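Here the structure is laid out as structure tokens; the discussion comes afterwards.
The values are calculated or read from the model by the stated rules, or taken from the named source; none is laboratory data. Bear in mind the structure is a predicted one, so any value in this text is a computation, not a measurement. When we count neighbours, we look across all protein chains shown, and the Cβ atoms used for this are built from the backbone with ideal geometry, even at glycine.
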Amino acid sequence: MGKAKADIGLIGIAVMGENLVLNMESKGFKIAVFNRTVDKVENFVNGRGKGKNIVGCSTVEELVDNLASPRKIMLMVKAGKPIDDFIERLIPLLDKGDIIIDGGNSHFPDTIRRTKYLESKGMLFIGTGVSGGEEGALLGPSIMPGGSAKAWPAVKPIFQAISAKVDDGTPCCEWVGSDGAGHYVKTVHNGIEYGDMQMICEAYTLMKNMLGMNAKEMQKVFAEWNAAELDSYLIDITANILKVVDEKTQNPLVEMILDTAGQKGTGKWTSMSALDLGAPSPTIAEAVFARCVSAIKAERVAASKILKGPEVQKFSTADKDAMINKIRKALYASKICSYAQGFQLLTLAAEEYGWKLNFGEIALMWRGGCIIRARFLGDIKEAFEKDPKLANLLLADFFKKAVEDCQSAWREVVAAAAINGIPVPAFSSALSYYDSYRSAVLPANLLQAQRDYFGAHTFERIDEPRGKFFHHEWTETSGSTTSTTYNA
């Protein structure tokens with residue numbers, strides 16, 4: 001008898017790929033691996049993978065030959081053209097029913113296209129979000145698969161075995177939906193992640209620049225916050241970051257890091273999709289813009305010498321302690337609004353693309369393994385289990401009460417930041433979103449009058465049925481010809 005063939009193949013032996021392979025192998029699966037730079041395969045098999053049930057392959061053909069049917073090949077390569085290139089290399093080598101899996105951060109329209117293309121060839125495609133970074137890939141990530149539904153039974157045992165588990169053992173991996181649903185959910189996850197990170201940074205800058213706290217003092221605060229309702233991976237690592245001392249200068253290492261943030265594009269994709277779908281997601285967008293502002297460091301340094309703001313007020317010890325608690329509440333309320341925006345975006349995307357998304361399951365998948373894992377995702381899951389058609393998280397009893405409890409402190413923090421000239425775009429945009437969402441009447445009536453005045457775009461009337469449009473001849477030169485109606 002010949003050797004048993006591998007359960008799955010993986011192409012792309014970078015850090016994430018390596019760690020996923022080691023994770024799979026530790027759960028009892030045999031994996032065939034390939035990398036365009038073949039030296040990486042040899043180094044991995046003879047290094048971290050030595051003595052393990054891993055087959056190193058020097059060609060794509062060898063990889064395919066080593067796989068059990070239906071063949072399952074996971075691509076962990078750079079998004080975009082490299083994915084398409086590998087798909088074209090694999091198609092002639094595969095049989096009908098074989099499965100190609102894209103585990104990178106691909107843009108969901110590409111996943112929709114690739115699913116359709118491979119299904120037309122008789123093959124199956126999965127586009128899956130994988131969150132958790134290097135550690136998650138090795139120890140248990142959150143996995144969000146979508147694509148060809150027929151492929152799910154073949155990969156389910158592997159994906160659910162390697163994923164993170166919540167307290168009761170439920171895997172943080174479930175089928176999300178057709179074509180691009182998995183990658184879309186991962187994109188929105190990343191958009192929410194941008195918001196979370198920015199809001200934590202705003203809490204940090206308020207404590208540092210408004211309250212005059214040092215890294216040691218802030219570390220203690222974040223550690224305390226992580227033991228209560230703000231318990232999350234990002235708060236936890238923030239507390240850990242603030243502990244670290246730079247060996248070169250003996251300053252806190254965080255203070256030696258240049259204040260220019262990078263980004264890979266998923267936050268931008270979330271905001272672009274929100275604009276396309278008409279989904280109000282200002283906090284996520286502000287988090288993206290905050291990174292863009294951080295990137296123009298030289299301009300900011302020059303502007304700081306020209307543009308003046310207010311002097312920062314002095315806080316007494318008692319006032320400082322009270323403000324720290326208010327910042328905690330502002331962070332929590334803003335976080336709720338950011339997640340509310342993310343789930344509202346998922347709702348509109350599901351309608352637009354015909355996906356049957358289970359929001360409770362999505363919250364569960366994000367409960368462990370991923371970057372935005374947090375205690376209150378369990379509360380989000382419960383809210384959607386109680387009302388699967390919940391229009392907005394803010395309307396769920398738990399979150400409605402939480403925001404009411406935080407609201408006064410939240411407003412004080414945003415006001416104090418403005419008075420002291422400290423930018424808090426995520427906190428303030430989240431508050432504006434909350435106030436806009438709870439407003440029965442907004443000033444868009446004047447805006448629509450302006451549009452009708454200069455462009456004859458028409459308007460609806462409050463005393464007429466919705467969907468009936470009117471035009472007013474605002475000036476003597478106005479005509480009765482109207483333009484198209486507006487899209488909300």
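Exactly one of (1) at pLDDT 95 or above; (2) farther than 30 Å from LEU211 by Cα; (3) among the aliphatic types (A, V, I, L, M); (4) touching a Ser or Thr at 6+ places or on another chain (Cβ under 7 Å) is unmet by VAL441. Its number?
(4)
Restricting attention to the stretch 189-219, which residues are touching a helix residue (DSSP H, G or I) at 6+ places or on another chain (Cβ under 8 Å) and of a type in the set (D, E, K, R)?
Hits for the stretch 189-219 are GLU193, ASP196, GLU202, LYS208, GLU217.
VAL60 fails exactly one of the following numbered conditions: (1) surrounded by 20 or more Cβ atoms within 10 Å (Cβ to Cβ); (2) modelled with pLDDT of 95 or more; (3) among the β-branched types (Val, Ile, Thr). What is the number of that condition?
In the conditions (1) surrounded by 20 or more Cβ atoms within 10 Å (Cβ to Cβ); (2) modelled with pLDDT of 95 or more; (3) among the β-branched types (Val, Ile, Thr), VAL60 misses (1) alone.
Cβ-Cβ under 9 Å, sequence separation 6+ or interchain: first residue in the stretch 404-428 and within 14 Å of LEU211 (Cβ to Cβ), partner small (Gly, Ala, Ser) and surrounded by fewer than 16 Cβ atoms within 10 Å (Cβ to Cβ). Which pairs?
Note: pairs meeting the criteria are ASN420/GLY309; ILE422/GLY309; VAL424/ALA418.
Which residue pairs have Cβ atoms under 6 Å apart, sit 6 or more places apart or on different chains, and have a first residue in the stretch 86-104 that is among the aromatic types (Phe, Trp, Tyr) and a second that is surrounded by 15 or more Cβ atoms within 10 Å (Cβ to Cβ) and not in a helix (DSSP H, G or I)?
PHE86/LEU75
With respect to GLU382, determine if the residue is among the acidic types (Asp, Glu), assigned to a helix (DSSP H, G or I), more than 21 Å from the chain's Cα centre (by Cα) and surrounded by fewer than 22 Cβ atoms within 10 Å (Cβ to Cβ). Explain how you work it out, then say what you get.
On the way: among the acidic types (Asp, Glu): yes; assigned to a helix (DSSP H, G or I): yes; more than 21 Å from the chain's Cα centre (by Cα): no; surrounded by fewer than 22 Cβ atoms within 10 Å (Cβ to Cβ): yes.
It is false that GLU382 is among the acidic types (Asp, Glu), assigned to a helix (DSSP H, G or I), more than 21 Å from the chain's Cα centre (by Cα) and surrounded by fewer than 22 Cβ atoms within 10 Å (Cβ to Cβ).
Yes or no: GLU42 over 30 Å from the mean Cα position of the chain (by Cα), at pLDDT below 95 and over 21 Å from GLY132 (Cα atoms)? Spell out how you get there, then give the answer.
On the way: over 30 Å from the mean Cα position of the chain (by Cα): yes; at pLDDT below 95: yes; over 21 Å from GLY132 (Cα atoms): yes.
So GLU42 passes the test.
Does the stretch 307-330 hold any residues that are in a helix (DSSP H, G or I), among the charged types (D, E, K, R) and over 34 Å from the mean Cα position of the chain (by Cα), and which are they?
The one that is in a helix (DSSP H, G or I), among the charged types (D, E, K, R) and over 34 Å from the mean Cα position of the chain (by Cα): ASP319.
So for the stretch 210-233 (the condition being buried (at least 23 other Cβ atoms within 10 Å of the Cβ) and not hydrophobic (A, V, I, L, M, F, W, C)), does at least one residue qualify?
no
I'm told THR260 meets every condition in (1) within 30 Å of GLY129 (Cβ to Cβ); (2) out of contact with any strand residue (DSSP E or B) (no Cβ under 6 Å at 6 or more places or on another chain); (3) in a helix (DSSP H, G or I) except one. Can you identify the failing condition by its number?
All conditions are met except number (3).
For the stretch 251-292, give me each residue that is under 20 Å from THR205 (Cβ atoms), among the aliphatic types (A, V, I, L, M) and surrounded by fewer than 15 Cβ atoms within 10 Å (Cβ to Cβ). Write out each step before concluding.
Initial filter on the stretch 251-292 (under 20 Å from THR205 (Cβ atoms)): 251-263, 267, 282-292.
Okay, now just the ones that are also among the aliphatic types (A, V, I, L, M), so 253-254, 256-258, 261, 284-285, 287-288, 290.
Of everything in the stretch 251-292, those that are under 20 Å from THR205 (Cβ atoms), among the aliphatic types (A, V, I, L, M) and surrounded by fewer than 15 Cβ atoms within 10 Å (Cβ to Cβ) turn out to be MET256, ILE257, LEU258.
Report the residue count in the stretch 331-367 for those that are buried (at least 24 other Cβ atoms within 10 Å of the Cβ), not charged (D, E, K, R) and not in a helix (DSSP H, G or I).
Matching residues across the stretch 331-367 total 1.
Out of all the residues in the stretch 36-53, which are part of a loop (DSSP other than H, G, I, E, B) and in contact with a Ser or Thr (Cβ under 9 Å, 6 or more places away or on another chain)?
As a first pass, look at the stretch 36-53 and keep what is part of a loop (DSSP other than H, G, I, E, B): 36-37, 46-53.
LYS52 - this is the single residue of the stretch 36-53 that is part of a loop (DSSP other than H, G, I, E, B) and in contact with a Ser or Thr (Cβ under 9 Å, 6 or more places away or on another chain).
Pairs under 7 Å by beta carbon, first residue without any contact (Cβ under 8 Å) to a residue 40 or more places away in the chain in the stretch 153-182, partner basic (Lys, Arg), six or more apart or different chains?
PRO171/LYS165
In the stretch 148-176, how many residues are on the phi > 0 side of the Ramachandran plot and either of a type in the set (Val, Ile, Thr) or under 19 Å from the mean Cα position of the chain (by Cα) (or both)?
First, the residues of the stretch 148-176 that are on the phi > 0 side of the Ramachandran plot: 169.
Add one more test, that the residue is either of a type in the set (Val, Ile, Thr) or under 19 Å from the mean Cα position of the chain (by Cα) (or both), and what stays is none.
The number of residues fulfilling the criteria is 0.
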